[in-house]
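To start, the structure itself, in structure tokens.
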Amino acid sequence: MDIEKILQEIQEEIKPFMSQGKVADYIPALAKVDPDQFAMSVTLFDGTTHSIGCSDTKFSIQSISKVFTFTKSLNIYSKELYKRVGKEPSGNPFNSLVQLEYERGIPRNPFINAGAIVITDTLLSHYKNVNDTFEKVMDFIKAVAGDRAITHDQEVCDSEYAHGYRNLALANLMKSFGNLDNDVEDVVKTYFKHCSVTMSTKELSRAMLFLANHGTDPISNHRFITDNQAKRVNAMMLTCGHYDASGEFAFHVGLPGKSGVGGGIVAVVPKQMSIAVFSPRLNSWGNSLAGTQALELFSQKSGLSVF
Ligand code: DON
């Protein structure tokens, strides 16, 4: 398979989609991002990365961070975790409150905001305070990415906190049902911090490689999680990684994937490679429009999917 050629074709064919959609503006600092950017990176098991577009540009990973926090928490708590967060698609937008009320504060899955907030709460209980928890999450991201220089964007973090009414509402609702152990502000602050981590598509595709290889990084041979845990994280990405568009994504792309409102999407081709795309304009579900299209084109042209 000629990955370079496929990527070159995608770069051309993606152009009509680049002007469609809308940059996330409910986090004001994100609204300032240049909307016309596009990047895609594919990392193979030998560490080779093929890229097109602005693949060194760092962007806000937002909900993609939920893959790292869920992985970390699953590794610590194992099955116990599912007492507090489910494993079913929600069929609702990522920031929805309604389901959480009638399901008594137990979020459907770790990738909608409520679920990711519970996951952050479990990490906060384990590591005790905001700074140590965030440091451990960063250590994990740096380790899977094989890059100690990854940081976060405090301006995006502060901007989200200043406008974080829905997430604070979700957290307070869960606290009222007894599904949040720590202080609401601490949990939400830690959650915003990991959402504001910045990475490029090159870094992100490299960081996902362990999930394409049953939990072991094929480059360093370091095992981060068990085979079973990797299977669970991938299954969760496939069924819940794109919120109420998870079915759409599975239908059109056919790979476990996770999106973020910063315009990034990561995807995994089990046993072969990991992929990251970036384009800030989002579709109506809050997922990168051109990014989703690029992944669909990649799966079509390469014939790669889990189905
Ligand atoms: O909590 C939020 O709304 C954001 N920090 C993350 C949401 C997000 O990335 C949804 N992704 N498509």
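Could you give the distance between the Cα centres of segment 1-69 and segment 220-257, to the whole Å?
18
Could you order the peptides 107-113, 80-86, 156-162 from most to least packed, using the average number of other C-beta atoms within 10 Å per residue? Write out the running numbers ahead of the final one.
Working: 107-113: 25.3, 80-86: 16.9, 156-162: 19.6.
Per-residue Cβ counts within 10 Å, averaged per peptide and sorted highest first, yield 107-113, 156-162, 80-86.
Can you give the extra length, in nm with one decimal, that the chain gains between Lys22 and Glu155 once fully stretched, where that is 0.36 nm per residue apart less the Cα-Cα distance? Provide the component values of the computation, followed by the final result.
Numbers: separation 133, 0.36 × 133 = 47.88 nm, distance 2.09 nm.
Additional length available on full extension: 45.8 nm.
Is segment 160-307 best put as rounded, prolate or oblate by its Cα gyration tensor, with a ≥ b ≥ c the root eigenvalues, rounded for a/c under 1.5, and otherwise prolate when a/b is larger than b/c, oblate when not? Spell out each step's value before the answer.
On the way: a/c = 1.91, a/b = 1.45, b/c = 1.32.
Cα axes put segment 160-307 in the prolate bin.
Please give the calculated 222 nm ellipticity per residue for the chain, where each DSSP H segment of at least 4 residues contributes -39500 (n - 2.57) and the sum is spread over every residue; nearest 500 deg cm²/dmol?
Values: 14 runs with 143 residues, N = 307.
Calculated at 222 nm, the ellipticity per residue is -14000 deg cm²/dmol.
Regarding segment 3-302, what's the average projected area of the Cα-atom convex hull, expressed in nm²? Kindly include the intermediate steps, with their values, before the conclusion.
Numbers: hull surface 52.7 nm².
Result: a mean projected hull area of 13.2 nm².
For the chain, modelled as a Gaussian network with Cα springs under 10 Å, which listed residue fluctuates most, Gly286, Gly257, Gly178?
Greatest mean-square fluctuation among the candidates belongs to Gly178.
Run through every distinct alpha carbon pair of segment 1-104 and return the Kirkwood hydrodynamic radius in angstroms, one decimal place.
17.7
Using only the alpha-carbon atoms, how far is helix 165-176 inclined from the longest principal axis of the chain? Give it as 0 to 90 degrees, nearest 10.
The two axes meet at around 50 degrees.
If you line up the long axis of helix 3-13 against the longest principal axis of the chain, both from Cα atoms, how many degrees apart are they, to the nearest 10?
80
Within segment 138-171, list the residues whose amide N lies under 17 Å from a label point set 7 Å along Cα→Cβ of Ser125.
171
For a footprinting-style exposure proxy, rank Glu12, Glu135 by other Cβ within 10 Å, fewest first. Working shown, then result.
Details: Glu12 9, Glu135 12.
By the 10 Å Cβ count, ascending, the order reads Glu12, Glu135.
Mind giving me the FRET efficiency for Ala31 and Asn221? R0 is 30 Å, r the Cβ-Cβ distance, nearest 0.05 is fine.
Working: r = 42 Å, r/R0 = 1.40.
After rounding to 0.05, the efficiency reads 0.10.
Contour minus end-to-end for Asp181 and Asp46, with contour as 0.36 nm per residue of separation and end-to-end as the Cα-Cα distance? Intermediate results must be reported in sequence, preceding the final value.
Working: separation 135, 0.36 × 135 = 48.60 nm, distance 4.22 nm.
Stretched fully, the Asp181-Asp46 segment lengthens by 44.4 nm.
Each reported figure results from applying straightforward, stated rules to the coordinates on display, with no laboratory input. Source: prediction; values computed, not measured. Methodologically, a virtual Cβ is constructed for each residue, glycine included, from the backbone with ideal geometry; neighbour enumeration extends over all protein chains shown.
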